Amino acid sequence: MTSASPTTTAFWRRCSSCKSSIGFERVYWVCNVTTCNRKRTGLVFCTVSCWDAHLSVMRHRDSWSEERRSPTRTDWEREQAEERAKAATAQGSASGAGDAAPAREPQRRIVASAPPPERNLDKEVLVVVSKLKAYVRARADMNTSDHVAELLSDRLRTLCDEAIRRARKEGRKTLMDRDF
């Protein structure tokens, strides 16, 4: 598969909402939210109304559009050449070869929607990990390993199973604090 060379590109990028082209040295808008501005995401919008359309999907709480100006064609071509050179260098060093291999276009992942997997309740995490980590950090100024959530979830399952057994023994279908 051959990619178009940067010199044949008639425009800088496409609008993330309406897919119309945004030319070189033109005004465009970006979202102020950092997740929309990451290199991989890189959302750009040709108008404020296109930016506004993405809010219903992204559900930002407090956001606004920021006006930017697209680069000149020469700046864009230079940036693309630098990225290709960096990718070729990284690819050459990763393969261990002395000569840099020719840069290939990065492969795209195509994700097909699959039916939802059956839930395995014995493996699901039952604690809110971010709150657990925040508690430990505030309480002892320590970090928390990711494996702690799995272990705590296993212990919670054991406690719940014992509480379920006690509630059934008393003929109830509601777990109460006294069952724990």
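I need a count of the residues in segment 33-48 that are outside any strand (DSSP E or B) and either surrounded by 14 or more Cβ atoms within 10 Å (Cβ to Cβ) or touching a His at 6+ places or on another chain (Cβ under 7 Å) (or both).
To start, the set of residues in segment 33-48 that are outside any strand (DSSP E or B) comprises 33-44, 46-48.
Next, from what is left, pick out any that are either surrounded by 14 or more Cβ atoms within 10 Å (Cβ to Cβ) or touching a His at 6+ places or on another chain (Cβ under 7 Å) (or both): 33, 36-37, 43-44, 46-47.
Adding up the residues that qualify gives 7.
Could you list all residues from segment 69-89 that are loosely packed, with under 13 Cβ neighbours inside 10 Å, touching a residue at least 12 places away in the same chain (Cβ under 8 Å) and under 19 Å from residue 39 (Cβ atoms)?
Correct list: 69, 81, 85.
Hey, can you tell me all the residues within segment 137-163 that are over 14 Å from residue 126 (Cβ atoms) and in a helix (DSSP H, G or I)?
Our first condition is that a residue be over 14 Å from residue 126 (Cβ atoms); within segment 137-163, this holds for 137-147, 162.
Hits for segment 137-163 are 137, 138, 139, 140, 147, 162.
Does residue 92 satisfy the condition of being at pLDDT below 75 and surrounded by 12 or more Cβ atoms within 10 Å (Cβ to Cβ)? Break it down into steps so the answer makes sense when it comes.
Values: at pLDDT below 75: yes; surrounded by 12 or more Cβ atoms within 10 Å (Cβ to Cβ): yes.
Considered against the rule, which asks whether it is at pLDDT below 75 and surrounded by 12 or more Cβ atoms within 10 Å (Cβ to Cβ), residue 92 comes out as yes.
Could you list, in sequence order, all residues of segment 1-33 that are of a type in the set (Ser, Thr, Tyr) and modelled with pLDDT of 80 or more?
Taking segment 1-33 first, the residues of a type in the set (Ser, Thr, Tyr) are 2-3, 5, 7-9, 16-17, 20-21, 28.
Of everything in segment 1-33, those that are of a type in the set (Ser, Thr, Tyr) and modelled with pLDDT of 80 or more turn out to be 16, 17, 20, 21, 28.
If a residue must be over 19 Å from residue 25 (Cα atoms) and part of a helix (DSSP H, G or I), how many such residues does segment 52-80 contain?
Kept after step one, since they are over 19 Å from residue 25 (Cα atoms), are these residues of segment 52-80: 52-64.
Subsequent filtering for residues that are part of a helix (DSSP H, G or I) retains 52-58.
The total comes to 7.
The values are calculated or read from the model by the stated rules, or taken from the named source; none is laboratory data. The structure displayed is predicted, hence computed values, not measured ones. Neighbour counts run over all protein chains shown; Cβ positions are idealised from the backbone, glycine included.
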